[in-house]
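Contents: one structure, followed by commentary.
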Amino acid sequence: MPISLYDAVVPSNLQILGAVDKLLGKAEAFCAEHGRADSDLIDARLAPDMLPLGYQVKSCAAHSVGAIAGVRAGQFGPDLSPWPTDFAGLHAAIQGAIAELSALDQAEFDALGENDTLFAFGEMKLPFTGANFLLSFSQPNFYFHATTAYAILRAQGVKVGKGDFMGMPRIKR
């Protein structure tokens, strides 16, 4: 069975974005239960030279729907806008990405595969096809940021496990 570009990207993004949204719910509950400010987790980092949870969550949206918008436009660059500083804003970013991905037309998405797509950041310019950009650049970034968000919460003491990261697998029905 051949797999389409849509099949290789969108369902997995939806699965992990749903999991990230639930991780945020666990983080909120953890803060309430332990009398911690939301900012304690949203600003938490794994290492001093890494960006905080808020950025990691925002980047999950940037490397899913933002990457698709970049392929449509022919160019993608890092989203340097501020990230949400509260759980409501982080949920909204993830839920907005889920809604946009859920509304995609598969045929239209698959047609993006041959689009010329330039990654541009300062002087760095990397040319891709749409498919290669999504599969070899944005998808690894998407998983990196989702994993880092999970790891930050785990390091802060939030009770999360592998199943919380994976979300709901797409089992045969």
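The values are calculated or read from the model by the stated rules, or taken from the named source; none is laboratory data. Keep in mind it's a predicted model, so treat the numbers as computed, not measured. Here Cβ is always computed from backbone atoms with ideal geometry, including for glycine, and neighbour counts include all displayed protein chains.
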- Task: Mind telling me which of the residues SER81, SER59 ends up being surrounded by fewer than 16 Cβ atoms within 10 Å (Cβ to Cβ) and of a type in the set (S, T, N, Q)?
- Result: SER81
- Which one of the conditions (1) within 18 Å of LEU14 (Cβ to Cβ); (2) out of contact with any Gly (no Cβ under 6 Å at 6 or more places or on another chain) does PHE119 fail to meet, given that it meets all the rest? (1)
- Query: Among the numbered criteria (1) surrounded by 13 or more Cβ atoms within 10 Å (Cβ to Cβ); (2) within 18 Å of PHE133 (Cβ to Cβ), which single criterion is violated by LEU53?
  - Reply: (2)
- Task: Considering every residue within the range 97-110, establish whether at least one is under 22 Å from LYS26 (Cβ atoms) and free of Cβ contacts under 8 Å to residues at least 40 places away in the same chain.
- Result: yes
- Just for the range 1-18: of the residues that are out of contact with any Ser or Thr (no Cβ under 9 Å at 6 or more places or on another chain) and part of a helix (DSSP H, G or I), which one is surrounded by the fewest Cβ atoms within 10 Å (Cβ to Cβ)? PRO11
- Task: Could you pull out the residue among GLY70, GLY96 that is closer than 23 Å to PHE137 by Cα and touching a strand residue (DSSP E or B) at 6+ places or on another chain (Cβ under 8 Å)?
- Result: GLY70
- May I ask you to say which residue of ALA67, ALA32 is assigned to a helix (DSSP H, G or I) and over 17 Å from the mean Cα position of the chain (by Cα)? ALA32
- Message: Can you pull out every residue in the range 99-137 that is of a type in the set (A, V, I, L, M, F, W, C), buried (at least 16 other Cβ atoms within 10 Å of the Cβ) and closer than 11 Å to PHE76 by Cβ?
- Response: PHE119, PHE128, PHE133, LEU134, PHE137
- Query: Hey, does the range 41-64 have a residue that's within 30 Å of LEU112 (Cα to Cα), part of a loop (DSSP other than H, G, I, E, B) and out of contact with any Pro (no Cβ under 8 Å at 6 or more places or on another chain)?
  - Reply: yes
- Query: Mind checking which residues of the range 108-117 are farther than 19 Å from ILE3 by Cα and more than 20 Å from the chain's Cα centre (by Cα)?
  - Reply: ASP116
- Total residues in the range 74-122, condition part of a loop (DSSP other than H, G, I, E, B), modelled with pLDDT of 95 or more and among the charged types (D, E, K, R): 2
- Quick one: would you say LEU90 is surrounded by 14 or more Cβ atoms within 10 Å (Cβ to Cβ), touching a Leu at 6+ places or on another chain (Cβ under 7 Å) and not charged (D, E, K, R)? yes
